[in-house]
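The values are calculated or read from the model by the stated rules, or taken from the named source; none is laboratory data. Predicted, not measured: the structure shown is a model, and the values here were computed from it. Cβ coordinates were reconstructed from backbone atoms using ideal geometry, including for glycine residues, and neighbour counts include every protein chain displayed. Surface accessibility is based on the protein's heavy atoms, side chains included, excluding ligands, DNA and RNA. Shrake-Rupley method; radii C 1.70, N 1.55, O 1.52, S 1.80 Å.
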Amino acid sequence: MIFGVILTVVFMFMSFYSFVFIKASGIRWLLCSLYMVAIFFVWNPEVTTKIAQFFGVGRGLDFFLILLSIAIVNAIVHLARHMNAQHRSLTKL
């Protein structure tokens, strides 16, 4: 119960942060929607198990850990590309 409340507050803060500080409108609305879906999953974990079983994974937590791993790798690659572009820009100066 307490962990659910903490996660809800964190996701609401992240949703507010992305809505205020991200300039691209499409990405802003996508992130806010995803954070609201995450809040729904915090309070209804049985839904994640049904989704995971649809994709052939036993538990909802396992499925979302796999998705989290993919998201982290994606973020690292995106960050590396951004840093490389910044390095090239500095080199041109």
### Task
Using the Karplus curve 6.51 cos²θ - 1.76 cosθ + 1.60 with θ = phi - 60°, work out ³J(HN,Hα) for each residue of the range 71-76 in order, rounded to whole Hz, and write x for Gly and Pro.
5, 5, 4, 4, 5, 5
#### Entry: Packing rank of 7-19, 23-35, where each peptide gets the mean count of other beta carbons within 10 Å, highest leading
7-19, 23-35
### Query
HN-Hα J couplings of the range 44-52 from phi, Karplus 6.51/-1.76/1.60, θ = phi - 60°, integer Hz, Gly and Pro as x?
9, x, 5, 5, 5, 5, 5, 5, 5
### Query
Given a cut-off of 24 Å, what percent of all Cα-Cα pairs of the chain lie beyond it?
39
### Task
Roll a 1.4 Å probe over the protein chains and send me the accessible area per residue for the chain in Å².
82
### Message
Taking θ = phi - 60°, what integer Hz values does the Karplus form 6.51 cos²θ - 1.76 cosθ + 1.60 yield along the range 78-86, in sequence order, with x for Gly and Pro?
### Response
4, 5, 5, 5, 5, 5, 5, 5, 5
## Note on the structure
So the carbon and sulfur contribution to the accessible area of the chain, 1.4 Å probe, in percent, is 75
### Query
Helix-derived [θ] at 222 nm for the chain: sum -39500 (n - 2.57) over DSSP H runs of at least 4, divide by residue count, nearest 500?
-30500 deg cm²/dmol
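Can you give the convex hull volume of the alpha carbon atoms of the range 27-78 per residue, in Å³? Provide the component values of the computation, followed by the final result.
Working: hull volume 4.2 nm³, N = 52.
Output value, Cα hull per residue: 82 Å³.
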